[in-house]
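Since the structure comes first, as structure tokens, the remarks are kept for the end.
The values are calculated or read from the model by the stated rules, or taken from the named source; none is laboratory data. All of these numbers come straight from a predicted model, not from anything done at the bench. Backbone-built Cβ (ideal geometry, glycine too); neighbour counts: all protein chains shown. These accessible areas exclude ligands, DNA and RNA; they are computed on the full protein's heavy atoms, side chains included. Shrake-Rupley method; radii C 1.70, N 1.55, O 1.52, S 1.80 Å.
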Amino acid sequence: MIILIGILVSVATYLILSRNMIRIIIGTAVLSHAVNLLIMTSGGLKTGNVPLLGHGDGPFTDALPQALILTAIVISFATTAFLLVLAYRTYKTNGSDDFNELRGMSDE
Amino acid sequence: MNNIIVLPLIIPIFTAVILVFLRNYIVVQRMITITTMIAVSIISFFLLELVQREGIIKLDFSGWKPPFGILFVADTFSVLMVLTSSIVTVFCLLYAFSTIGERHENMFIYSFVLLLVGGVNGSFLTGDIFNLFVCFEVMLMASYVLVALGGEKVQLRESLKYVLINVIGSSIFLIALAYLYSTVKTLNMAHIAERVAEAGQDPMLTTVALVLFIVFSLKAGLVLFFWLPGSYVVPPTAVQALFAALLTKVGVYALIRTFTLMFPHQPEVTHTIIGIFAGATIILGCMGALASRNVLTIAAYNIVIAVGFILIGLAVGTESAIAGSVYYLIHDMVAKALLFLLVGMMVYLTGEKLIDHMSGLIRNYPLFGWIYFLTMLALVGIPPLSGFVGKVLIGKGSIEAGSYVLLFLGFASSLVVLFSLLKIFLSSFFGETIITNEDKKPLPIASMASFIALALCMIAIGLGAEQLLVYVQDATNILVNPSIYIDAILSES
């Protein structure tokens, strides 16, 4: 699991460091998946029962990381959607999806 | 009774949703928005009195006792922040009504402003670190929209960078939370503080603390402020003023909270790094402010300088230094909002952004000019005005702790602030007037009212320092002795 997270983070870093807008956005999405997996490992994997009373005795699995991941997924979903719309509008208005050409300040 | 704590979060968010349905009724939208914010200000004032009387109050959602449930905590520091941000928002809205234009008002701008305020208040009041992340996201989401709203070329370009930086920042925040949870197995701030104190702050926890530090510095604009001048300059003035007053200050609040409550045990590592960062921020911010000829950029770099100055107080860490930070934070929220509104009004009146192209404004608008002068004096820290007490307290604290380098940097930065703002004053307000009486645009009355009101706030903070210091001292007391906070949260369970 840790190795998988490591691979995802490195892929995400590579993508974010590129100049193309869409690659960067995919990079942030991959990064958020890596982080979600990391939160999952923080609760400890493969230990214990379903955390419901009456479904067997303890030890129970820690349910909190899953709640955290759920929240994080919703948030990252929303930001990614917003980013894609924003990127599309920026591409339409500025006529470029290359960050080198979006440096700014030169036309002011 | 405790339910009152949640109102500063709930009311703006509910109202924001209601406003979505009132899209075409702009006057109704304005009335509802301003009434809501005034109501929130009154509630937070009431809350401040309550906290002052009864000590820290908390609200456990759905009756889950801490450390298991999510909770809201109101201590003097957080309520002071909520109160200031609500009042500043009222005046920024007043300014927005007269200047922002129908195009923005049709596109739900008031809803997003209210969501922003809801997120900011939530971040101040929460007692759970994951909830802090969620409130940060609410606030950031609203701010993304506010930066991009309007759809101009520059706005879209800068907003894309702003959003990307913050998305990556949020991921790092989550990484820090995951490590924190796997080491201390709790997310309640008071409980984290207790466990960290019990286990001793080992290198692992210090690393986690530093990851959190990086995240909050990104939000506060501490060293990692490269995104700030770009994205704060592009939105409409009222939104700029809100950002200047609220967004970076939430980051500063989170830094102060984290390093006084949760990770205060390794000051030789963490607080030294904070000190270095604060010093570097001041130097770089000063360079930016001196080099720029654009009024908006100068104002944006002044935010950066102030953030560095406030964090000197945290880095030094003595009682009076932290009191100074709290006091200066309150002052800075008011003064920076006013500065941005004034500078935005200059751009609106002349249609120019460079100081070389403006001249003689004080002849056309005398009162406006003198309010600018007053703001400048307050930001520099001239005695009867609001910046003075904060600067004195931070200075006193750094002398007590013997950190003379930071002391020197802090007070040298005052001179740079004076110089950069005086540069605007001399070249834009004095000199030959360029606006003839025929082209003179009338100054909107509502925005003039908001200038005067904010200026009065500033004078009140300065003159009423004695009254305010009671609250500030109380806030500092809790910050310096985290055990008060921890006991208040965990004792009943």
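Residue count for region B:350-370, restricted to those that are open to solvent by 10 Å² or more (accessible area, probe 1.4 Å) and not acidic (Asp, Glu): 13.
Scanning for something at negative phi, more than 9 Å from chain A (Cβ to nearest Cβ) and touching a Phe, Trp or Tyr at 6+ places or on another chain (Cβ under 6 Å), does region B:133-141 turn up at least one residue? No - not one qualifying residue is present in region B:133-141.
Considering region A:10-26, and only residues there that are more than 9 Å from chain B (Cβ to nearest Cβ) and assigned to a helix (DSSP H, G or I), the residue that is least open to solvent (accessible area, probe 1.4 Å) turns out to be A:Leu15.
Looking at B:Ile38, B:Ile34, just one residue is outside any loop (DSSP other than H, G, I, E, B), of a type in the set (A, V, I, L, M), open to solvent by 40 Å² or more (accessible area, probe 1.4 Å) and within 30 Å of B:Ser98 (Cα to Cα), and that residue is B:Ile38. Would you confirm, using the coordinates I've provided, whether A:Ser96 is open to solvent by 60 Å² or more (accessible area, probe 1.4 Å) and more than 8 Å from chain B (Cβ to nearest Cβ)? Here the answer is no, as A:Ser96 does not meet what is asked. Under the condition of being facing chain A (nearest Cβ under 8 Å) and touching a strand residue (DSSP E or B) at 6+ places or on another chain (Cβ under 7 Å), the residues counted in region B:158-208 number 1.
Evaluating B:Gly221 against the criteria (1) touching a Ser or Thr at 6+ places or on another chain (Cβ under 6 Å); (2) facing chain A (nearest Cβ under 8 Å); (3) not charged (D, E, K, R) leaves one unmet condition, (2). In region B:207-322, counting only helices (runs of 4 or more DSSP H) that sit wholly within it, the ones holding 1 or more residues that are at pLDDT 90 or above and either out of contact with any helix residue (DSSP H, G or I) (no Cβ under 8 Å at 6 or more places or on another chain) or surrounded by 24 or more Cβ atoms within 10 Å (Cβ to Cβ) (or both) span B:237-257, B:270-291, B:295-316.
Residue by residue, here is whether (1) surrounded by fewer than 15 Cβ atoms within 10 Å (Cβ to Cβ); (2) of a type outside the set (A, V, I, L, M, F, W, C) holds:
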residue	(1), (2)
B:Phe419	yes, no
B:Ile434	no, no
B:Phe451	no, no
B:Leu454	no, no
B:Pro482	no, yes
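Can you name every residue in region B:120-138 that is touching a strand residue (DSSP E or B) at 6+ places or on another chain (Cβ under 8 Å) and within 12 Å of B:Val79 (Cα to Cα)? Passing the criteria: B:Leu125, B:Thr126.
Annotation: of all residues in region B:418-459 being without any contact (Cβ under 8 Å) to a residue 24 or more places away in the chain and part of a helix (DSSP H, G or I), the one that is farthest from B:Cys92 (Cα to Cα) is B:Leu426.
Listed by position, the helices (runs of 4 or more DSSP H) enclosed by region B:83-173 that each have at least 1 residues that are within 30 Å of A:Ile39 (Cα to Cα) and open to solvent by 10 Å² or more (accessible area, probe 1.4 Å) are B:109-125, B:129-148. Within the option set A:Thr80, A:Thr90, A:Thr71, being among the β-branched types (Val, Ile, Thr) and at pLDDT below 90 holds for one residue only, A:Thr90.
Are any residues in region B:54-80 assigned to a helix (DSSP H, G or I) and surrounded by 14 or more Cβ atoms within 10 Å (Cβ to Cβ), and if so, which ones?
The answer is B:Thr76, B:Phe77, B:Ser78, B:Val79, B:Leu80.
The residue list B:Val51, B:Val27, B:Val6 contains one member that is crowded, with 19+ Cβ neighbours inside 10 Å and either in contact with an Asp or Glu (Cβ under 7 Å, 6 or more places away or on another chain) or among the hydrophobic types (A, V, I, L, M, F, W, C) (or both), which is B:Val51. Applying the selection to region B:185-206, what residues are surrounded by 18 or more Cβ atoms within 10 Å (Cβ to Cβ) and out of contact with any His (no Cβ under 9 Å at 6 or more places or on another chain)? Selection gives B:Thr186, B:Leu187, B:Asn188, B:Met189, B:Ala190, B:His191, B:Ile192, B:Ala193, B:Glu194.
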